[in-house]
1. Being acidic (Asp, Glu) and within 30 Å of C:Phe71 (Cβ to Cβ) is the requirement here; does D:Glu77 meet it?
2. Do you know which residues across the stretch B:19-52 are under 24 Å from D:Tyr230 (Cα atoms) and open to solvent by less than 10 Å² (accessible area, probe 1.4 Å)?
3. All but one of (1) more than 19 Å from the chain's Cα centre (by Cα); (2) assigned to a loop (DSSP other than H, G, I, E, B); (3) more than 30 Å from C:Ile73 (Cα to Cα); (4) touching a residue at least 24 places away in the same chain (Cβ under 8 Å) hold for D:Gly23, so report the exception by its number.
4. Can you tell me which residue among C:Gly197, C:Gly187 is buried (at least 24 other Cβ atoms within 10 Å of the Cβ) and within 12 Å of chain A (Cβ to nearest Cβ)?
5. Restricting to the stretch D:36-65, and then to whatever is within 16 Å of ligand 2 (Cβ to nearest atom) and either more than 14 Å from chain B (Cβ to nearest Cβ) or within 15 Å of the chain's Cα centre (by Cα) (or both), can you tell me which residue is farthest from D:Leu276 (Cα to Cα)?
6. Just wondering, is there one or more residues in the stretch A:7-14 that are assigned to a helix (DSSP H, G or I) and either of a type in the set (Gly, Ala, Ser) or under 20 Å from C:Pro198 (Cα atoms) (or both)?
7. Can you pull out every residue in the stretch C:45-72 that is out of contact with any strand residue (DSSP E or B) (no Cβ under 6 Å at 6 or more places or on another chain) and open to solvent by 10 Å² or more (accessible area, probe 1.4 Å)?
8. Within the stretch C:53-104, which residues are within 16 Å of ligand 1 (Cβ to nearest atom) and of a type in the set (A, V, I, L, M)?
Amino acid sequence: MPLEKPYASIPGTVIFDADQARVGYHLNQFCMSLMKADNRARFKADNRAYLDEWAMSEEQKQAVIARDYNRLLALGGNVYFLAKIFSSDGLSFQFAAATMTGMSQEEYAAMMLNGGRSPKNDHLLETKPHG
Amino acid sequence: MPLEKPYASIPGTVIFDADQARVGYHLNQFCMSLMKADNRARFKADNRAYLDEWAMSEEQKQAVIARDYNRLLALGGNVYFLAKIFSSDGLSFQFAAATMTGMSQEEYAAMMLNGGRSPKNDHLLETKPHG
Amino acid sequence: MAKITAGVTTSHVPAIGAALDNGRAGEPYWQKVFSGYEFAKRWIAEEKPDVVFLVYNDHASAFSLDLIPTFAIGTGERFNPADEGWGPRPVPGVEGAPELAFHIAQSLILDDFDLTIVNKMDVDHGLTVPLSLMFGQPDAWPCKVIPFAVNVVQYPPPSGARCYALGKALRRAIESFDGDLKVQVWGTGGMSHQLQGPRAGLINAEFDNRFLDLIVNDPEAAAAIPHVEYIREAGSEGIELVMWLIMRGALGDKVDQLHRFYHVPASNTAVGHLILKGAA
Amino acid sequence: MAKITAGVTTSHVPAIGAALDNGRAGEPYWQKVFSGYEFAKRWIAEEKPDVVFLVYNDHASAFSLDLIPTFAIGTGERFNPADEGWGPRPVPGVEGAPELAFHIAQSLILDDFDLTIVNKMDVDHGLTVPLSLMFGQPDAWPCKVIPFAVNVVQYPPPSGARCYALGKALRRAIESFDGDLKVQVWGTGGMSHQLQGPRAGLINAEFDNRFLDLIVNDPEAAAAIPHVEYIREAGSEGIELVMWLIMRGALGDKVDQLHRFYHVPASNTAVGHLILKGAA
Ligand SMILES: [Fe+3]
Ligand SMILES: [Fe+3]
């Protein structure tokens, strides 16, 4: 019997568990490398060349280049690691979170000012496949 | 009430506990640095100059230069860290252990072949102050 | 003998640190957040703790996937603010309390908590934002800090019950230290937030306020909340709330609530803040 | 379903590795040591485990005083022999078993063991000498290995009782893994030795043989031995024996002893070695 994943049914959410950590290992370590200024510079100069230094899957590399954060979550990325990518781009956590919801940053910020997303509306997400 | 040290009464033995780890931190980290070949070379070329790069006490530095392992244990050294010093000197664990007992390596090796030191003879150590 | 004089909980949202560091604390949006900490600042200036045992989580700053400790206690002399990708926060370095920290480490390990002892690490917003909220912008932090990092990044974090039990053992550890110190225990992180996926922006004020009630009055019930309930109700990153249970376990059965504050939003997150004292 | 098929205990004295690596295994001094492992080599060639869960301690190789995990589980793809100051041992690299290792990590953390998850580390003689003793000198190790490092360098190590409890939880973890694997659990280190101070060279054959008896027939009693008794009776480094209790806990209540070997000396140390199977 494998370990249960009682969180699997929660919509719009990828839990960074052992399975995700395994497939995302090199992706996340690549992200971590962006904490150093010279790595950031090399990455910015040529995304593809820098990514090719890492043992990541082609899918992961494409998703980084596309800044497709939902895809990156599905491919084993963890949001605190992925944060190094959008921080390198000079973008905020709120910007990145907004892109994952499909809203503009303004719509998303307005939702937050109005008290945020209610878990009572989780069913609205069921029809939005992600990852 | 401070933590008990039920091992304090065991003769000829320094337990690497929290108190020892605190006073020995830089000494042990210096030892660890000897795992790199270029650090070993610099240390061998000039013990004193290399030691002066570390935030160790004068007493600790003198004890390193004298290769006084009992003194180093008393000053916060741990034997697995100190091992980097005698390994750098090309000397074995058995050599180092022998020096700590006051025996020659031959006497010590003979004791081991005869079954080692018996804990029943611990009282013989009581009169040998260490550290 | 060292004494636990109070417990504090607070969110540690990085945007709060950025607002302070960039001189935007006076803007109405942020003023609503900082106003909730006015009481705390006056209070702690009078309390003058000697040491804060600060429970927080590292956010892929000091610990990458190479090594992930469930519980890491900082026993070093000093901890510097981490460079989280835009340079370190312009805040003072953190002075440790090695003697007390080593004592706690030894005591907790002998009590069957499998700690990782860390002498050298940088500390990220999880630790420095709570200091900023409580102390403002001094040239040096007015007390020593023992960083205690809990893994909540890779699933599974320790359970709430485990954190609560650790808090109780922490109380025994601190009270057995031979030194006349006033120690506060802070539990940081939360409240409800989800930073990822189509469900990002989740806020559950009802859950948060019930959790605040439970932390004060029924910590056993709070400790029984399973991981999946935090994730479902408070969002994937809301699971940080387990860290508050370490603070609560350290305070003893009954507490008096000196202050309570709840506000939405700070960036993606709800902000919750409590000041508690063990009941006389 | 994965199964625990056997348990092995063995010392991991570095001089044994050096004797092998330097072609001195045939000398009478070392022949006495290696003869005790002839049975094991034949036995394991037939058993063909898929994975060895190898409990050992790091000796200031992968972990300095900067960071000391009480329990560290290696979840990486590969682990290389450490350079312990005279170059890495000329033995094969170690292939990990990440899927099973992550499963065990998750299971043990949910069972309230506060593990540190390690994806990247070198492994020292504590791990490679047991492989050499059991498998000789092949071009590649014939099975995968999950390194499990226990702190026994900085006092306090986890208690024997804690290690025994971890072994029991480890059994549940392995048996809940969805994969048809034969897993052995090895507990290494010991037996009596003291490498430091005027008391160096301590060997207590009486204690060691009683400990071998207890490990086989009365593990609860072995688990109750306090740290100070190991230090007093088996020497300051004899405390490594707590690691054997993880192996024993994983085997269930009753075991059959397939092999037992005890010898003095190997360098500064007594050598003890058991092969155990869960009783049918
Ligand atoms: Fe956080
Ligand atoms: Fe060892």
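The values are calculated or read from the model by the stated rules, or taken from the named source; none is laboratory data. This is a predicted model, so every value here is computed, not measured. Ideal geometry is used to build each Cβ from the backbone, glycine not excepted, and the neighbour counts take in all protein chains shown. Heads up: the accessible areas ignore ligands, DNA and RNA and are worked out on the full protein's heavy atoms, side chains in. Shrake-Rupley method; radii C 1.70, N 1.55, O 1.52, S 1.80 Å.
1. On the way: acidic (Asp, Glu): yes; within 30 Å of C:Phe71 (Cβ to Cβ): yes.
Yes.
2. B:Ala21, B:Gly24 - these are the residues of the stretch B:19-52 that are under 24 Å from D:Tyr230 (Cα atoms) and open to solvent by less than 10 Å² (accessible area, probe 1.4 Å).
3. (4)
4. Values: C:Gly187 fails: within 12 Å of chain A (Cβ to nearest Cβ).
Testing whether each residue is buried (at least 24 other Cβ atoms within 10 Å of the Cβ) and within 12 Å of chain A (Cβ to nearest Cβ) leaves just C:Gly197.
5. Here is the first cut: in the stretch D:36-65, the ones within 16 Å of ligand 2 (Cβ to nearest atom) are D:54-63.
Now drop any that are not either more than 14 Å from chain B (Cβ to nearest Cβ) or within 15 Å of the chain's Cα centre (by Cα) (or both), which leaves D:54-59.
Working: D:Leu54: 15, D:Val55: 15, D:Tyr56: 18, D:Asn57: 21, D:Asp58: 24, D:His59: 27 Å.
Checked the stretch D:36-65; the qualifying residue farthest from D:Leu276 (Cα to Cα) is D:His59.
6. Kept after step one, since they are assigned to a helix (DSSP H, G or I), are these residues of the stretch A:7-14: none.
Looking through the stretch A:7-14, none of the residues is assigned to a helix (DSSP H, G or I) and either of a type in the set (Gly, Ala, Ser) or under 20 Å from C:Pro198 (Cα atoms) (or both).
7. C:Ala45, C:Glu46, C:Glu47, C:Lys48, C:Ser61, C:Ala62, C:Phe63, C:Ser64, C:Asp66 - these are the residues of the stretch C:45-72 that are out of contact with any strand residue (DSSP E or B) (no Cβ under 6 Å at 6 or more places or on another chain) and open to solvent by 10 Å² or more (accessible area, probe 1.4 Å).
8. C:Leu54, C:Val55, C:Ala60, C:Ala62, C:Ile68, C:Ala72, C:Ala82, listed by residue number.
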